[in-house]
1. For residues that are surrounded by 19 or more Cβ atoms within 10 Å (Cβ to Cβ) and touching a residue at least 60 places away in the same chain (Cβ under 8 Å), scanning just the range 234-247, find the one that is nearest to ligand 2 (Cβ to nearest atom).
2. I'm told Glu191 meets every condition in (1) at pLDDT 95 or above; (2) under 19 Å from the mean Cα position of the chain (by Cα) except one. Can you identify the failing condition by its number?
3. Give Met76, Met84 a once-over and let me know the one that is free of Cβ contacts under 8 Å to residues at least 40 places away in the same chain, of a type in the set (A, V, I, L, M, F, W, C) and not in a strand (DSSP E or B).
4. Considering the range 237-247 alone, what residues qualify as being more than 18 Å from Val286 (Cα to Cα) and either assigned to a helix (DSSP H, G or I) or within 16 Å of ligand 1 (Cβ to nearest atom) (or both)?
5. Considering each of Ala255, Ala227 in turn, give the residue that is in contact with a helix residue (DSSP H, G or I) (Cβ under 9 Å, 6 or more places away or on another chain), buried (at least 24 other Cβ atoms within 10 Å of the Cβ) and assigned to a loop (DSSP other than H, G, I, E, B).
6. If the requirement is being within 16 Å of ligand 1 (Cβ to nearest atom) and either among the aliphatic types (A, V, I, L, M) or under 26 Å from Met82 (Cβ atoms) (or both), which of these qualifies: Met171, Met208?
7. Return the residues of the range 201-224 that are surrounded by fewer than 24 Cβ atoms within 10 Å (Cβ to Cβ) and away from ligand 2 (no atom under 16 Å from the Cβ); say none if nothing qualifies.
8. I'm checking my understanding of the structure. Among residues of the range 97-132 that are part of a loop (DSSP other than H, G, I, E, B) and over 12 Å from Val158 (Cα atoms), which one is nearest to ligand 1 (Cβ to nearest atom)?
Amino acid sequence: MSPRPLVFADSLSTFDEADFVIVGVPFDRTSSFRGGSRDAPQEIRKASHNFEPYMYELDIDLRDSAIHDMGDLDEMGSTEDMIMEMSFVSEKISGQKKFPLIIGGEHSISPPAASGSVSRFKGDIGIIVVDAHLDFRREYMGDGNNHACASRRFSDMVGPQRVFPIGTRSMCREEMDDAEEGKLRWLSASEANRLSPSEAVSRAVSSMGVEKLYLSIDVDGMDPAFAPGTGTPEPFGLSAVWVKELIRACGPFLAGFDIVEVCPPVDNGNTSALAARLIRETIASVEINGRPGGKI
Ligand code: MN
Ligand code: MN
């Protein structure tokens, strides 16, 4: 008999019963600097068991939440295979009005991870991307689905005015020119650090003119002091507490979530723990606002 696979802590529900569905995507094929994020879903699941189920700030016990962990997507051949499989699973989760929590893998998994939420709330959903990098390249190393193009692919899905990067502090000149031309608005790390997280969310929501949000967190959006275990660390980022409060402020609007670019081979364990905790904060922040994805 094979051992029971490790699931995210407090995932006690079946798929049919669940309000929240967790999926791991062990994919890091396009990583430019350090690979290894394929190991993140399992490390983050392991780290999740170190936390109490009771989220005392919100008075929410995660054992009362209906959470299901689907496990990982199957071993993927090409990037195109991953995109097809991820989109299929994302549509299945959102199609049944459940809240997706997708664990990468690298950032190239996020546009297909968001596709179900985007179809569900078509025309009324914007995407907040926490990231050190603008990720607005048309292509990188000959590949439009490279992880350096995540926000560009989001903007193909919902339009550049409905994508809102936060924590930005790294881009090439062509990317910035393209972003300005496409009227992409973003909040640099310096600007974000002068605002409260709820001011940042208000700005994002009014700039995008939407009622629903999908949140994609590339952990390098946080400062390497808080999230050292990532493929392309970039100094002068957001604090872990700021991002926790950002999640809290997004709560009333949230329709879906992913967290990507944790790289266990270069982590001391803290980045996986932080990612696990941010997933738990997301569940609690959605729960406190009622039914996942909003009342329909
Ligand atoms: Mn990214
Ligand atoms: Mn990044």
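The values are calculated or read from the model by the stated rules, or taken from the named source; none is laboratory data. In this text the structure is predicted, and so the values were computed from the model without any measurement. In this analysis, Cβ positions are derived from the backbone assuming ideal geometry, glycine residues included, and neighbour counts consider all displayed protein chains.
1. Looking at residues that are surrounded by 19 or more Cβ atoms within 10 Å (Cβ to Cβ) and touching a residue at least 60 places away in the same chain (Cβ under 8 Å), I get Glu234.
2. Of everything listed in (1) at pLDDT 95 or above; (2) under 19 Å from the mean Cα position of the chain (by Cα), Glu191 misses just condition (2).
3. Numbers: Met76 fails: free of Cβ contacts under 8 Å to residues at least 40 places away in the same chain.
One residue alone meets the criteria, Met84.
4. Looking only at the range 237-247, we keep the residues that are more than 18 Å from Val286 (Cα to Cα), and these are 237-240.
Result: Gly237, Leu238, Ala240.
5. Details: Ala255 fails: assigned to a loop (DSSP other than H, G, I, E, B).
Answer to the check: Ala227.
6. On the way: Met208 fails: within 16 Å of ligand 1 (Cβ to nearest atom).
So the residue among Met171, Met208 that is within 16 Å of ligand 1 (Cβ to nearest atom) and either among the aliphatic types (A, V, I, L, M) or under 26 Å from Met82 (Cβ atoms) (or both) is Met171.
7. In the first step, residues of the range 201-224 are kept if they are surrounded by fewer than 24 Cβ atoms within 10 Å (Cβ to Cβ); the result is 202-203, 205-212, 223-224.
Result: Ser202, Arg203, Val205, Ser206, Ser207, Met208, Gly209, Val210, Glu211, Lys212.
8. First, pick out the residues of the range 97-132 that are part of a loop (DSSP other than H, G, I, E, B): 97-98, 105-106, 121-124, 131-132.
From the residues that got through so far, the ones that are over 12 Å from Val158 (Cα atoms) too are 97-98, 105-106, 131-132.
Details: Lys97: 28, Lys98: 25, Gly105: 11, Glu106: 8, Asp131: 4, Ala132: 8 Å.
Taking the candidates together, the pick is Asp131.
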